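For reference, the structure discussed in these notes is given below.
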Amino acid sequence: MKVSIERNALLKTLGHVQSVVERRNTMPILSNVMIEADGGKVSLTATDLDIAIVEETEAKVGRPGATTVPAHTLFDIARKLPDGSEVDLSLEDGDRLVVTAGRSRFTLACLDRDEFPVMNEGNLPHRFALVAGELKRLIDKARFAVSTEETRYYLNGIYLHVAESSEGQRLRAVATDGHRLAQVEQDVPDGAAGMPGVIVPRKTVAEIRKLVEEYEGEVKIALSDTKIRFSFGHVIVTSKLIDGTFPDYSRVIPQGNDKRLEMDCRLFAEATDRVSTISSDKTRSVKLSMNGDTLTLSVNSPDSGTATEELQAAYTGDPMDIGFNSRYLLDILAQVEGDTVQVFLADPQAPTILRDLMDEGALYVLMPMRV
Amino acid sequence: MTPVPFLCRDGFHRFEGGPGPTPCPVCGSRRTVSHAELERLTIAHMDCDAFYATIEKRDDPSLKDKPLIIGGTGGRGVVSTACYIARLSGVRSAMPMYQARKLCPDAVVMMPNMGKYKEAGLQVRAMMARLTPLVEPVSIDEAFMDLSGTERLHGAPPAVMLARLAADIEREIGITISVGLAPNKFLAKLASDMQKPRGFTVIGEGDAKAILAPLPISRIYGVGAQMATKLQKDGLTMISQLQGMDESRLVRRYGDMGSRLYHLARGEDRRRVSADQPVKSVSSEITLDRDLADLAALENHLWRQAERTSEGLKKKGLAALTITLKLKTSMHRIVTRSRTLDTPTQLAETLFEVGRDMLKPLADGTPYRLIGIGGSQFRSPEEADQPDLIDPGRTKRATAERALDALRAKFGRDAIGKGRSLPAKTAVDNPEKNQK
């Protein structure tokens, strides 16, 4: 293999794929990135056995071929080479990759490309496409609620599925950690109607979100019960899905919350953030006291003191106090696009609903704290 | 030769004398201690001598002249303390009991009576607290004290007050202690260990380097077996070798540890004596009567340890975000698994549920001799065990456990329990301290 590639193209492509490579690996080959050169293109592949990312970039291919080298090392080299330089990659004696750029020369130990694990994606019968913006919305408004607790591994991802609602079928992304739940929905794209419900792992969600950041076009999605593939631009990400059953979340979304609280979302978030200054990093509960048009936020920390702030709000219902984890509350308010947030309450022990007036397809459920 | 200050440990008389050991000119006692810096040093370490055994001998004078071993008496028991007579036969702490019995066949072996030891330990601690508020307990029978600035208050330098404390403890509690007095914690601890039992050893800034030089590196605080092996591979075994090396060289080779080695080898230790050392983990473990490989049998033991850990957390007002399962194989290899939760817990149910989940893949037929579970990364209990949206069972179990705790608070620990906690097999509890 002999190939010449522009440094910025190499750096960008490597930057995209290397993030999936774990810093510590029991199998040396998993620390490596696979480089394949053929027909005017170089394609780089990295995997952690659960996710595989392949990205292509243009290059001058002198002699086609393939090998694997340590991903983080090659990335660091590319990072430190001067902007605009031309990088030559040349495989010598089958086990060394010589990297040259200007007067710099590096020799990296290679592992054979045949040892590199290829993810067998199998048959992916369900295929549809989302505009990058749609995918970003589904991810952003749900991912903060994903659980990190391994005991409930089936909550460690976003549940993507087609649900029946009063408006007919909707494509839904749902995430929960048992304390809050986020549900985002949109029209079902062509080809998705018959798809099975799948749980996309947290790490995959994070990788996709990073890669799709600068992308505007269409993202093609193909999936089966066990694998999902995202293709866009020059990138293909294939991932295993979480093998588990997402709980029936619909029963935890309360239907009869009749007390409605409405207020300016930004002011609410800022006030919540301000009063929670007083809570030590260990206690995070903030109390909301609703009475007519006044909402009082208060934090009472036995260690550090107290804080209260009054807000103008529209509230229909008898006076009530309810406690929330302020961090969870702020996570939700950060996702609200509109000026106004609507809160639907039942009683101080019951799950509470938050809604975004600007985005009717997004719904959040927050469990109050026992105080 | 300039005369050095002396202190008589029986009559607390102060005089100048030397060189060499000098009896007290006032009362004739030969238990005197001298050091050029005697009246200036303020950091002390005190350690009760063969604590558990001494207490048992105090309470049963017929044991006085017999070798006495305290520890687990079952087949798998371990020595927690051996009296000084038993130590003559080579019996040491942490030694398997069968080996101890072989070395010292005529020893009296007793199960530990932790309640009694704890009571005496707290009495000792209360007496220390009369000298200074800066008492840092290391364990039930061991503590650091910082007596800086107390000379005006007590009208005597720390050395005198410490000698009085040792005498008071002997008289009032009936046990003996050994004291180390030095400029810092590392040297104080080293000193208290040098003349046990009933010792009083002083190390000053002036003689620290010379005292440390011939000692093995493993005596340095924080150098464990692994570090010692690494140093040995590099040809370093004695502290004197470290004393001859540059700090930069040690740092290059050993990182932060290198810097610590450099300073500690010279007797320099900047750690402060701090009265409230935060609890970092709460755990409970048990050495099993016989090795167990069966998941169900291990789960039974896990449940009881989860209950004990939960009890500890609740008592201390702590809630743990991280749960750690600990196992020891029959080959004495320690296996641990940790898991961090989304929100902290105090509940035995949750500790058990998560612990069992980590245990399952480890119960692959490997026989285990010890099982335990602990919590760390503490958060406020207010945040703990909040109602769960997805699993109403979690909420119900939490409510049930709180009801159980309330009943126990009212009627005692054994008033009510889960069926799972009924004893299946008896096992000897580890007398090890269950707090780190």
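When both the stretch B:1-21 and the stretch B:313-357 are represented by their alpha-carbon centers, they are found 54 Å apart.
Beyond 12 Å, what share of the Cα-Cα pairs of the stretch B:160-205 remains, rounded to the nearest whole percent? Of all Cα-Cα distances in the stretch B:160-205, 57 percent exceed 12 Å. Placing R0 at 30 angstrom, the Cβ-Cβ distance between residue B:92 and residue B:10 gives a FRET efficiency of 0.45 after rounding to 0.05. For the stretch A:165-229, taking Cα atoms only, Rg and Dmax work out to 13.2, 35 Å respectively. Only helices enter this figure: runs of n ≥ 4 DSSP H residues, each worth -39500 (n - 2.57), summed and divided by the residues of chain B, yield -10500 deg cm²/dmol at 222 nm to the nearest 500. Quick check for you: which residues of the stretch A:248-287 have the amide N under 16 Å from the point 7 Å beyond the Cα of residue A:294 toward its beta carbon? Within reach of a label on residue A:294: no residues. Eigen-decomposition of the gyration tensor built on the alpha-carbon atoms of the stretch B:119-215 gives equivalent ellipsoid semi-axes of 22, 16, 12 angstrom, largest listed first.
Across the residues of B:289-300, average count of Cβ atoms on other protein chains within 10 Å? Please report the intermediate quantities before stating the final value.
Values: counts 0, 0, 0, 0, 0, 0, 0, 0, 0, 0, 0, 0.
Neighbouring Cβ atoms belonging to other protein chains average 0 per residue here.
To the nearest ten degrees, helix B:392-411 and the longest principal axis of the Cα atoms of chain B are 60 degrees apart. An ellipsoid equivalent to the stretch A:32-77, defined through the eigenvalues of its Cα gyration tensor, has semi-axes of 19, 12, 9 Å when rounded to whole angstrom and sorted largest first.
Starting from the Cα-Cα distance between residue A:90 and residue A:165, subtract it from 0.36 nm times their residue separation and give me the gain in nm to one decimal.
21.3 nm
State whether the protein assembly as shown is rounded, prolate or oblate according to the following rule on the C-alpha gyration tensor (a ≥ b ≥ c being the square roots of its eigenvalues): a/c under 1.5 gives rounded; otherwise a/b larger than b/c gives prolate, and the remaining case gives oblate. Here the protein assembly as shown falls in the prolate category.
I'd like the FRET efficiency for residue B:259 and residue B:279, computed as 1/(1 + (r/R0)^6) with the beta carbon distance as r and R0 of 25 Å, rounded to 0.05. Kindly include the intermediate steps, with their values, before the conclusion.
Values: r = 28 Å, r/R0 = 1.11.
Efficiency at R0 = 25 Å is approximately 0.35.
Share of pairwise Cα-Cα distances greater than 17 Å in the stretch B:240-288 is 55 percent (whole percent).
Only Cα pairs under 8 Å and at least 6 apart count here; give the relative contact order of the stretch B:138-263 as a rounded whole percent.
It rounds to 13 percent for the stretch B:138-263.
Eigenvalues of the alpha-carbon gyration tensor of the stretch A:289-328, scaled by 5 and square-rooted, set the equivalent ellipsoid semi-axes at 21, 11, 9 angstrom, largest first. Counting Cα-Cα pairs of the stretch B:11-76 in 5 Å increments starting at 0 gives whole-percent bin shares of 3, 12, 15, 11, 12, 13, 12, 11, 5, 3, 2, 0. Length, then width, then depth: along the principal axes, the Cα atoms of the stretch A:1-70 run 34, 21, 17 Å. Hey, for a label at residue B:316 modelled as a point 7 Å past Cα toward Cβ, could you say which residues of the stretch B:332-360 have their backbone N under 20 Å away? Residues B:336-355 qualify, since their backbone N sits under 20 Å from the label point.
Just so you know, the Cα atoms of chain A work out to an Rg and Dmax of 25.0, 81 Å. Compared with the alpha-carbon gap, the fully stretched path from residue B:364 to residue B:198 is longer by 54.7 nm at 0.36 nm per residue.
Note on residue B:399/residue B:138: beta-carbon distance plugged into 1/(1 + (r/R0)^6) with R0 of 30 Å gives a FRET efficiency of 0.15. By the Cβ distance rule of under 4.7 Å, chain B has these cysteines without a partner: B:27, B:48, B:83, B:104. Figure legend: label point modelled 7 angstrom from the Cα of residue A:206 along Cα→Cβ; residues of the stretch A:24-49 with amide N under 14 Å from it are A:24, A:48. With distances taken between every two different alpha-carbon atoms, the stretch B:251-341 has a Kirkwood hydrodynamic radius of 16.9 Å.
Placing a pseudo-label 7 Å from each Cα along the Cα-to-Cβ vector at residue B:271 and residue B:58 gives an inter-label distance of 2.7 nm.
Read-outs throughout are calculated quantities, based only on the coordinates presented, and are distinct from any laboratory measurement. Quantities reported herein were computed from a predicted structural model and do not represent experimental measurements. Neighbour counts are summed over all protein chains in view; Cβ atoms, including those assigned to glycine, are modelled from backbone coordinates with ideal geometry.
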